[in-house]
1. According to a simple spin-label model (label point 7 Å from Cα along Cα-to-Cβ), what is the distance in nm between A:N230 and A:S72?
2. Under 5 Å between amide hydrogens, which residues at least 5 positions from A:I150 or on another chain qualify, with H placed 1.01 Å from N in the peptide plane?
3. How much net charge surrounds A:S228 when only the other residues with a Cβ under 14 Å from the Cβ of A:S228 are counted, with Lys and Arg +1 and Asp and Glu -1?
4. Please tell me the relative contact order of the stretch A:370-485 in percent, rounded to the nearest whole number, where contacts are Cα pairs under 8 Å and at least six residues apart.
5. Give, to the nearest whole percent, the P(r) tail of the stretch A:160-247 beyond 18 angstrom, counting all Cα pairs.
6. Please give the length that would be gained between A:L405 and A:E103 if that part of the chain were fully extended, namely 0.36 nm times their separation in residues minus their C-alpha to C-alpha distance (nm, one decimal).
7. Which whole number in µm²/s is D for the stretch A:55-137 by Stokes-Einstein, with the Kirkwood Rh taken over Cα pairs at 37 °C and 0.692 mPa s?
8. Normalise the Cα radius of gyration of the stretch A:247-336 by 2.2 N^0.38 Å (N = residues in it) and let me know the number.
Amino acid sequence: MNVAAMLGQRVSEALAEAGAQDAPPVVGPATRPEFGHYQANGVMGAAKRLGTNPRALAERVLAELDLEGIASRVEIAGPGFINIHLEPAFIAAQLDTGQPLLEPATESMTIVVDYSAPNLAKEMHVGHLRSTIIGDALVRVFTALGHHVIRQNHVGDWGTQFGMLIAHLEEIGANSEQLSDLEMFYQAAKRRFDDDQAFAQRARSQVVALQSGEPDVRAAWRRFIDISLNHCETIYQRLGVQLTRADVRAESAYNDDLQDIVAQLDDAGLLTRSDGADCVFLDQFTRKDGTPLPVIVRKSDGGYLYATTDLAAIRYRCRTLHADRVLYFVDARQSLHFQQVFAVAAKAGFVTESCELEHHPFGSILGPDGRPFRTRAGGVVKLTDLLDEARRRAERLVRAKNPDLPEAQIDAIAEAVGIGAVKYADLSKSRTTDYVFDWDQMLSFDGNTAPYLQYAHTRINSMFQRGGLVLGSLSGRMRLAEPAEHDLGALLIRFQEVVDQVARDAFPHHLCGYLADVAARFMQFYESCPVLNQDEPIRTSRLLLSQRTADVLKTGLGLLGIETVERM
RNA sequence: GCGCCCGUAGCUCAGCUGGAUAGAGCAUCGGCCUUCUAAGCCGAGGGUUGAAGGUUCGAGUCCUUCCGGGCGUACCA
């Protein structure tokens with residue numbers, strides 16, 4: 001149950017009874033323990049609008065507020081805060097094994113998530129990490145809340161780079177071995193393109209041949225796409241990302257729509273010819289001096305641009321897929337592009353009334369020097385190499401910390417810990433800003449890191465094993481007696497509320513922060529409340545609390561696409 | 001020039017539609033292993049929230065100006 005939402009509903013009704021209709025209750029977790037578990041801050045805002053005394057209004061709200069069986073104490077504090085202390089039995093009841101961790105959303109929506117979208121001309125590199133990981137986490141969150149999720153991997157499979165690749169392939173007659181390192185092949189082709197005018201010319205004519213459907217050129221192009229997609233799939237599997245070929249809807253899939261998109265823009269009277277290019281000028285995108293800012297949808301040479309493709313994709317997602325929400329997890333540098341494209345799409349009627357288009361931008365990954373993250377040689381960091389290194393470092397740490405681990409398990413543990421650390425490091429930072437990629441921090445096993453959370457889970461797991469019990473097999477209701485038990489329980493009931501919030505604002509770092517709190521709160525409980533050597537009913541009650549904690553940690557990490565392990 | 005994002009402890013980062021005494025981790029210092037994994041726990045110090053104004057019962061959060069940084073800004077994606 002979303003306890004905050006439930007309390008918000010009650011307070012909202014009480015506010016209405018007290019004369020403040022439609023006043024937001026502003027219920028959230030209490031900022032300090034002595035203020036209870038939740039606090040409602042909406043009274044003060046409502047009183048301001050009504051021009052009444054906030055404490056007097058709070059009194060009236062309190063008189064209308066019935067939290068029988070939920071709260072043990074509700075009080076007014078300060079200028080008009082309402083502090084809610086939950087009944088321990090109510091908290092325990094929420095944690096009963098019969099209570100689901102997550103309830104589905106009240107209305108199921110069709111949600112399109114656009115993420116990863118690598119350029120198929122090259123290998124996946126560190127620049128694709130954030131979109132892929134964050135997008136996938138949101139996919140998992142939406143799915144868990146019962147929404148109909150449609151993944152869209154809008155891969156770049158069209159354009160000038162492919163002419164370059166094809167020309168180079170033709171020139172050297174490369175075998176499949178040379179193609180296995182697509183990055184090297186791309187770099188070689190790029191050098192030829194930059195250094196040799198005749199080659200560049202051939203590359204351009206290959207683009208034309210590709211676009212006109214020349215069979216040989218098409219075949220070569222398909223070969224690149226195939227190799228590249230295989231490579232992507234390998235990465236996705238290692239990352240534990242739920243993208244498959246079925247989710248690929250490439251740029252080229254919209255090729256046949258582009259002409260029609262431009263025609264519709266023309267019909268809508270939005271098209272202007274400027275310097276030979278077809279543009280849409282919108283009033284909201286002008287410079288200060290009044291010069292309008294164009295969205296170019298067709299170049300002066302007749303070629304289309306990614307804005308055109310994005311418009312076609314919007315129409316497809318709204319009109320054909322019937323999306324209620326479309327979320328784009330794309331680099332912050334494209335913010336202006338999306339503002340413009342969304343505005344044009346709305347004006348042209350590509351967007352249905354009920355469809356919400358959302359660009360969720362993120363910052364860049366920086367190296368220790370604060371510059372964009374590169375290899376020491378200055379090249380792009382390939383994801384394959386990055387994940388290998390994560391695994392290596394994790395293995396070294398795991399071996400050092402726990403030499404008793406069976407050799408057979410080390411591989412799987414190192415992979416789960418290493419990959420988990422990389423993903424968590426990304427997901428736990430506020431999405432919108434740049435962040436510094438730091439191996440030591442993400443694998444430090446301390447603080448807000450994946451290993452810390454995974455370790456908390458293994459502690460619970462090994463407690464059950466030592467007690468001869470299977471995690472997840474216990475059922476019943478617990479009693480929260482000690483402060484550490486109570487504090488942990490009160491935090492565990494917030495799981496739904498946090499997941500709902502992530503679904504709303506697409507900031508997975510809120511879930512990370514919450515799970516880190518849960519792990520820390522559990523560690524405190526673990527230190528101060530012995531479990532296995534206790535008499536009944538305390539023993540079972542504490543086991544139930546631990547089991548519920550494990551459930552929240554495992555499910556929560558699962559929503560982030562991070563594995564848990566039995567031992568580490 | 002204009003637009004968007006950012007500036008919080010020595011470092012890396014939180015701070016949820018404006019709320020009560022701005023929080024974690026690292027690093028530093030001091031405690032805790034005959035007891036479920038010490039990869040842990042407890043405690044201490046550390047802040048003019050870039051600067052100055054403004055809005056109000058209340059501002060890290062909203063508005064204005066300035067300083068500093070990043071990124072965009074007509075035919076690449």
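Each value in this text was obtained by applying a stated rule to the coordinates, not by laboratory testing. Please read all numbers here as calculations on a predicted model, not as lab measurements. Every residue, glycine as well, gets a Cβ built from its backbone with ideal geometry; the counts of neighbours run over all protein chains shown.
1. Here the modelled spin labels are 6.4 nm apart.
2. Counting only residues 5 or more places away or on other chains, the set is A:I111, A:V112, A:V113.
3. Details: positive: A:K122, A:R222, A:R223, A:R245, A:K382; negative: A:E123, A:D157, A:D181, A:E183, A:D226, A:E233, A:E251.
Within the 14 Å Cβ shell, the charges total -2.
4. Working: 72 pairs, mean separation 21.2, N = 116.
Result for the stretch A:370-485 is 18 percent.
5. Numbers: 1775 of 3828 pairs.
Beyond 18 Å sits 46 percent of the P(r) for the stretch A:160-247.
6. Taking 0.36 nm per residue and subtracting the Cα distance, the gain is 105.0 nm.
7. Values: Rh = 18.1 Å.
Estimated diffusion coefficient is 182 µm²/s.
8. The value comes to 1.17.
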